[in-house]
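Enquirer: Here you go, one structure.
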Amino acid sequence: MSGTLFIVAAPSGAGKSSIVNAVLARDPRIALSISFTSRPPRPGERDAEHYHFVSAEAFKAMVRAGDFFEHARVHGDWKGTARQSVEPQLADGKDVLLEIDWQGARQVREKVADTISVFILPPSRQALEQRMRKRGQDSEEVIARRLAAAREEMSHHDEFDYLIVNEDFETAVEDMCAIFRASRLRRDDQRQHHAALLAALLEETAE
């Protein structure tokens with residue numbers, strides 16, 4: 001049985017990474033795919049933990065080699081998911097989570113039809129700006145650019161299966177956990193997982 005591919009996207013500052021990290025700590029069945037990026041690390045970020053940091057030239061070489069499952073240019077920098085980080089794990093029956101933007105999400109849906117996607121929204125534009133400034137990682141110019149891009153990003157929310165508003169952090173985490181749990185109860189997944197049980201139950205019913 002193949003695993004389930006999950007996508008989580010959000011505008012910068014909506015709390016996506018914090019929610020994802022909290023969910024991963026509670027749900028060991030999900031493997032997080034670490035993306036590649038051409039941007040330099042922010043303060044506190046570590047290579048191979050937050051991103052695989054590579055040069056723009058190295059990133060483009062990977063694109064030419066067909067190494068990416070999806071890739072896109074986001075806020076002027078390249079980001080992408082390596083095929084090796086996704087395809088083998090899905091084939092082994094593991095659930096894989098991708099933190100990507102709406103452009104990458106479109107590419108993934110074309111490759112994996114039953115992908116489950118979640119978009120995280122802030123409770124307000126004011127809250128979004130406050131969260132960006134609170135991080136203290138970006139210049140005023142970068143913050144202004146990200147705020148301008150946020151509206152465009154959020155306009156694609158209707159391309160996703162689920163919406164979560166991150167007003168209360170704990171509630172948002174519980175909502176995402178509920179989505180992942182419910183996905184595993186889908187009929188086709190349960191039929192494969194409990195094939196022996198269903199066969200026994202149906203046989204007993206027929207007697």
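Enquirer: If I ask for residues that are out of contact with any strand residue (DSSP E or B) (no Cβ under 8 Å at 6 or more places or on another chain) and open to solvent by 10 Å² or more (accessible area, probe 1.4 Å), which ones from segment 115-130 would you list?
Expert: Ser124, Arg125, Gln126, Ala127, Glu129, Gln130
Enquirer: Return yes or no: is Leu147 touching a Leu at 6+ places or on another chain (Cβ under 8 Å) and free of Cβ contacts under 8 Å to residues at least 60 places away in the same chain?
Expert: yes
Enquirer: Check every one of the helices (runs of 4 or more DSSP H) wholly within segment 136-207 and list those with 2 or more residues that are at pLDDT below 90 and surrounded by fewer than 14 Cβ atoms within 10 Å (Cβ to Cβ).
Expert: Once the helices (runs of 4 or more DSSP H) in segment 136-207 are filtered for at least 2 residues that are at pLDDT below 90 and surrounded by fewer than 14 Cβ atoms within 10 Å (Cβ to Cβ), what remains is 140-154, 187-193, 195-206.
Enquirer: When segment 90-111 is examined, which residues are found to be open to solvent by less than 50 Å² (accessible area, probe 1.4 Å) and either among the polar types (S, T, N, Q) or at pLDDT 90 or above (or both)?
Expert: Residues satisfying the conditions are Leu90, Asp95, Val96, Leu97, Leu98, Glu99, Ile100, Asp101, Trp102, Gly104, Ala105, Val108.
Enquirer: Follow-up. List the residue pairs whose Cβ atoms are under 6 Å apart, where the first residue sits in segment 83-99 and is within 17 Å of Arg181 (Cβ to Cβ), the second is of a type in the set (D, E, K, R) and crowded, with 16+ Cβ neighbours inside 10 Å, and the two are 6 or more positions apart or on different chains.
Expert: Pairs found: none.
Enquirer: Does Phe53 fit the bill of being in contact (Cβ under 8 Å) with a residue 12 or more places away in the chain and in contact with a Pro (Cβ under 7 Å, 6 or more places away or on another chain)?
Expert: yes
Enquirer: Within segment 56-77, take every residue that is touching a residue at least 24 places away in the same chain (Cβ under 8 Å), under 11 Å from Phe36 (Cα atoms) and among the aliphatic types (A, V, I, L, M) and give me the one that is least open to solvent (accessible area, probe 1.4 Å).
Expert: For segment 56-77, the residue satisfying everything is Ala72.
Enquirer: Okay, next question. What are the residues in segment 1-36 that are free of Cβ contacts under 8 Å to residues at least 60 places away in the same chain, under 22 Å from Arg106 (Cβ atoms) and surrounded by fewer than 20 Cβ atoms within 10 Å (Cβ to Cβ), if any?
Expert: Across segment 1-36, the qualifying residue is only Ile34.
Enquirer: Just one of (1) under 22 Å from Ile7 (Cβ atoms); (2) open to solvent by less than 40 Å² (accessible area, probe 1.4 Å) trips up Glu49, so point out which.
Expert: The number of the failed condition is (2).
The values are calculated or read from the model by the stated rules, or taken from the named source; none is laboratory data. From a predicted model like this one, the values you see are computed outputs, not experimental measurements. When we count neighbours, we look across all protein chains shown, and the Cβ atoms used for this are built from the backbone with ideal geometry, even at glycine. SASA here: full protein model, heavy atoms, side chains in, ligands and nucleic acids out. Shrake-Rupley method; radii C 1.70, N 1.55, O 1.52, S 1.80 Å.
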